[in-house]
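Before any comments, here is the structure.
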């Protein structure tokens with residue numbers, strides 16, 4: 001078949017142009033919002049309050065990061081690690097403000113995937129969703145793997161018993177064969193998710209309050225040993241050290257966008273989603289700065305490198321009190337923190353798959369909703385099984401680093417989406433507007449790209465290979481089954 005030539009010699013109606021239009025087709029915002037909550041067999045239930053949404057994001061963010069990353073960041077910046085946390089928070093804030101605008105404008109479950117579909121087109125949305133699948137699955141598997149070690153530490157200090165290495169370590173690590181605690185924490189999260197969104201949100205709220213209480217307990221104990229001399233010199237490595245530490249601690253802020261995956265289960269999404277995203281970032285920043293200040297005030301910064309990253313907070317408490325029970329309580333807090341992260345991140349992944357399935361880009365099984373529980377049961381079980389196998393039997397190694405690049409890619413797309421939607425749909429009602437537009441979203445893109453460029457070659461290789469696999473999956477399945485495909489539009493109206 002020959003394409004019709006244009007007067008200028010181009011082929012505007014040719015197969016090439018048709019393919020480009022197909023790949024860049026966007027889903028109208030009005031249609032995305034109208035379909036909100038609808039799935040096969042039932043609807044998601046709007047039951048989450050502002051407090052629950054905020055604590056969902058806090059639960060996803062405030063996890064292993066503060067228990068591990070502080071010990072890695074202090075040797076880079078000294079006592080100025082406090083400023084490093086502030087620097088990372090400002091960097092995250094640029095993306096958070098863009099998330100807040102789009103979450104209030106497009107209050108649906110798909111988070112950055114849905115935002116990209118409305119602004120940048122189907123192919124970009126697919127790649128974004130595909131990257132989020134890698135980010136969520138690998139990160140939650142890695143977090144689940146760490147749960148066993150913290151549980152072992154708690155058992156050792158509380159009851160003087162430990163689990164055998166063969167069943168508590170990941171394969172190829174310390175004699176590990178099958179990490180059963182990782183399977184256990186995934187099973188607990190799955191049970192809560194299947195009970196219902198309201199029940200999951202309530203359990204997360206309890207866990208978040210508990211882990212914040214444990215970190216405040218750490219601060220209270222550490223401040224009893226506070227010595228002003230430990231803060232001098234405040235910035236021994238200067239701005240370069242603060243910047244390096246800021247890059248390190250930035251990834252402890254990942255997760256503030258969790259509330260945006262609950263857009264179809266929020267009671268008042270246009271008002272509550274933007275507030276939840278910004279409030280969660282503020283809460284997490286306050287906790288991080290307070291914990292950092294207490295830690296470097298109680299123990300000289302040069303001793304953090306000797307203590308080992310995973311034991312840094314416990315070492316501070318041991319030195320401050322000379323007893324083991326405070327660090328036992330801290331270990332309990334780490335166990336609760338990890339369980340909360342597993343719950344909220346698994347929830348986010350199921351809701352993103354739910355949105356992608358409703359658009360036809362992944363199989364319909366992921367959008368089937370239980371009429372009784374108002375949750376996607378099959379979706380949750382499939383995700384749980386995949387994560388459990390990954391956590392229990394696969395050595396994750398450096399693959400975990402790939403979660404960072406997928407997150408930054410999604411963050412940058414959200415910032416671009418704000419700019420595109422302001423130009424294409426200025427008439428849309430926006431419950432929150434990103435301040436200092438367009439400077440704020442442009443800075444969001446710039447910071448994300450800067451951090452992506454600084455990641456290692458292996459990370460980029462994993463990211464590119466995963467993207468290629470995703471493009472193949474889109475070509476073989478997503479493109480033909482998309483509800484926006486010409487042959488599918490009529491039957492899916």
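Read-outs throughout are calculated quantities, based only on the coordinates presented, and are distinct from any laboratory measurement. Keep in mind the model is a prediction, meaning the values are calculated, not measured. Every residue, glycine among them, receives a Cβ derived from its backbone with ideal geometry; neighbour counts consider all protein chains shown.
Values computed for the structure shown
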{"item": "Identified option (computed Rg and Dmax of the Cα atoms in Å; candidates [x] 23.1, 85; [y] 26.0, 95; [z] 21.7, 71)", "result": "[x]"}
{"item": "Length released on extending from residue 381 to residue 319, taking residue separation times 0.36 nm less the Cα-Cα span", "result": "17.9 nm"}
{"item": "Acute angle (nearest 10 degrees) that the helix 180-195 long axis makes with the longest principal axis of the chain, alpha-carbon atoms", "result": "50 degrees"}
{"item": "Protection proxy ranking, peptides 267-275, 155-163, average beta carbon neighbours within 10 Å, highest first", "result": "267-275, 155-163"}
{"item": "Calculated FRET value between residue 220 and residue 472, using beta carbons and R₀ = 56 Å, to 0.05", "result": "0.55"}
{"item": "Residues 138, 377, sorted so that the one with the fewest Cβ neighbours within 10 Å comes first", "result": "377, 138"}
{"item": "Sorted peptide list for 460-466, 297-303, criterion being average Cβ within 10 angstrom, highest first", "result": "297-303, 460-466"}
{"item": "Distance from segment 205-270 to segment 26-50 (C-alpha centre basis), Å", "result": "32 Å"}
{"item": "With Cα atoms, 0 to 90° folded angle of helix 50-61 axis to the chain main axis", "result": "70 degrees"}
{"item": "Cα-based shape type of segment 246-318, given that a ≥ b ≥ c are square roots of the gyration tensor eigenvalues and the cut on a/c is 1.5", "result": "prolate"}
{"item": "Relative contact order %, the chain, counting alpha carbon pairs below 8 Å whose residues are six or more apart", "result": "31 percent"}
{"item": "Part-to-part distance (alpha-carbon centres) for segment 130-167 and segment 356-390, which is given in Å", "result": "24 Å"}
{"item": "Theoretical FRET efficiency, 1/(1+(r/R0)^6), r = Cβ-Cβ of residue 156 and residue 458, R0 30 Å, to 0.05", "result": "0.35"}
{"item": "Reference-scaled alpha-carbon Rg (2.2 N^0.38 Å with N residues) for segment 288-368", "result": "1.74"}
{"item": "0 to 90° range, to nearest 10: angle between helix 197-223 axis and the chain longest Cα axis", "result": "30 degrees"}
